[in-house]
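To start, the structure itself, in structure tokens.
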Amino acid sequence: MKNILLCLFFIAILSCNSNPTKVATKEKSMATKEQKRASDFLISEITTDTLQLAIREAKNYSADDQKYLNSTIFYTISGKIKNTSDKTFVKARFEGQMKIKFDNKEIIERIDLLSSSINGDEIIDWDAYNISKTWKPDEAYSFNFITYGIDKIYSNYNPLQVEYILSLKAEDPVGYIFNDIIFQKDLKSQWVFKK
């Protein structure tokens, strides 16, 4: 009986040892496909960095969408992002969001598609790639991102955390993928609004 238990024990150990190798190999192959190097891009020349309570400009909105433009709290960032890598990217997609955490609630607002731009061009679809032309090394793109707003009633409360996160996914023609956060800012100190 002891021999049977020892055999089962060794079989269990051998089967456990084979799985981590397969998992590690899979993770290694994924890591080479999707590499992260924050040094591939540089945010510079930030001209606007504002969390504000205001009535939004009605650019590109229909009368039905005016509810989004009432006095709201929203974040605006403008500047330039430079490709500092040695790669030419053929696709790129930005994602940005403002996170606001209260004691019992978290609010996440994404970038407002109709009010944001890259190199002065409107962004058609956030789920598609925003840039479909080549982005060469040392080339910079200007950007202007504005989040959707949250109701002004939240200005009466003191959140635990307010932050903005901007991510970028970019691909070159031979399979290199950059997918990482390129800008993150704590906005808590800007959470001061005139009543």
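The values are calculated or read from the model by the stated rules, or taken from the named source; none is laboratory data. On a predicted model such as this, the values are computed, not experimentally measured, just so you know. Note that each Cβ is placed from the backbone with ideal geometry, even for glycine, and that neighbours are counted across all protein chains shown.
Return the only residue of Ile111, Ile123, Ile107 being surrounded by 15 or more Cβ atoms within 10 Å (Cβ to Cβ) and either under 18 Å from Phe178 (Cα atoms) or at pLDDT 90 or above (or both). Walk me through it before giving the result.
Details: Ile111 fails: either under 18 Å from Phe178 (Cα atoms) or at pLDDT 90 or above (or both); Ile123 fails: either under 18 Å from Phe178 (Cα atoms) or at pLDDT 90 or above (or both).
Going through Ile111, Ile123, Ile107 in turn, just one is surrounded by 15 or more Cβ atoms within 10 Å (Cβ to Cβ) and either under 18 Å from Phe178 (Cα atoms) or at pLDDT 90 or above (or both): Ile107.
In this structure, is Ser167 over 22 Å from Lys91 (Cα atoms) and small (Gly, Ala, Ser)?
Values: over 22 Å from Lys91 (Cα atoms): no; small (Gly, Ala, Ser): yes.
No.
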TODO: Confirm whether Ile146 is out of contact with any Pro (no Cβ under 8 Å at 6 or more places or on another chain) and more than 16 Å from Leu53 (Cα to Cα).
DONE: no
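How many residues does the range 168-193 contain that are over 18 Å from Gly79 (Cβ atoms) and touching a residue at least 40 places away in the same chain (Cβ under 8 Å)? Give the derivation first.
Start the filter on the range 168-193 by keeping residues that are over 18 Å from Gly79 (Cβ atoms), which leaves 169, 171-179, 188-189, 191-193.
Checking which are touching a residue at least 40 places away in the same chain (Cβ under 8 Å) leaves us with 169, 171-173, 175-179, 191, 193.
Residues flagged as over 18 Å from Gly79 (Cβ atoms) and touching a residue at least 40 places away in the same chain (Cβ under 8 Å) within the range 168-193 amount to 11.
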Task: Matching residues, the range 126-145, being modelled with pLDDT of 90 or more and either in a loop (DSSP other than H, G, I, E, B) or among the aliphatic types (A, V, I, L, M) (or both) - done: Lys136, Pro137, Asp138, Glu139, Ala140
